[in-house]
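Shown next, in structure tokens, is the structure this report addresses.
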Amino acid sequence: IMQPFLAYVVISSLKVTLYSSMSMFLAYFPELINGINLTLILLFSSIINSTALDPLQREDKGLIQSKLIPFSPYKQSLVKIAIPSLISSLSLFITLIVLISTSTISLTVFFISSILGILFTIALNMLGLFIDLKKLDSSTKINIGYLSSLVSFLVPLSLCLMHFLLTFLKIPSFLIYISEIIYAILIFLPLAISFKKVVSKGYLRMKGAF
């Protein structure tokens, strides 16, 4: 609920107070403003989405009851991923509609943020479930609870660094955005491919469940 408001306030404020005085930097970083806007949108989306990255921990004793549900752990996990991903994607879409309708971001940022945001959201939710399964594994001795939030912060920042490096090298804009989409796909695909295997094994090892 807060994401559209926060994103609009921050990005529109930067547009008024900072972007107008960045003409010198734009000579070296032609896509600087789009890169900042893209990073901020993805940061807001991923950090807000990170509150839903521990679905199993929130269920607590309800995990035991999940054994009575006539669906496999894999199908139950798909639902646990789908619901927060859908809500986060809807929030992202509302944010982008507000920003583009007020001319706060460019059409390019609108489309690229939509693609990257959805890919990152689903990928982070899958990773969050993987980490949650590991935390509930009785053989796990170390605390890895911070990893979900850390990754939610680092992924958009790594994309930001990539964007600024490519624009500094004067790479054509369309190649920059294609590279970013490929980067997001490379994060998403390994998680998607291994999802069923990791979930099935994770539930078998998890305390008090399957």
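Summary table
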item: FRET E, pair Ile47, Ser101, Förster distance 22 Å, beta-carbon r, rounded to 0.05; result: 0.40
item: Potential lengthening between Ala192 and Leu157 on full extension [0.36 nm per residue; Cα-Cα distance subtracted]; result: 10.4 nm
item: Rounded FRET efficiency, nearest 0.05, which uses the C-beta distance separating Leu90 from Met22 and R0 of 35 Å; result: 0.60
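Only the coordinates and a few stated rules stand behind these numbers; no lab work does. Computed from a prediction, not measured in an experiment: that's the story for all the values here. A quick note on method: Cβ atoms are made from the backbone with ideal geometry, for glycine too, and the neighbour counts reach across all protein chains shown.
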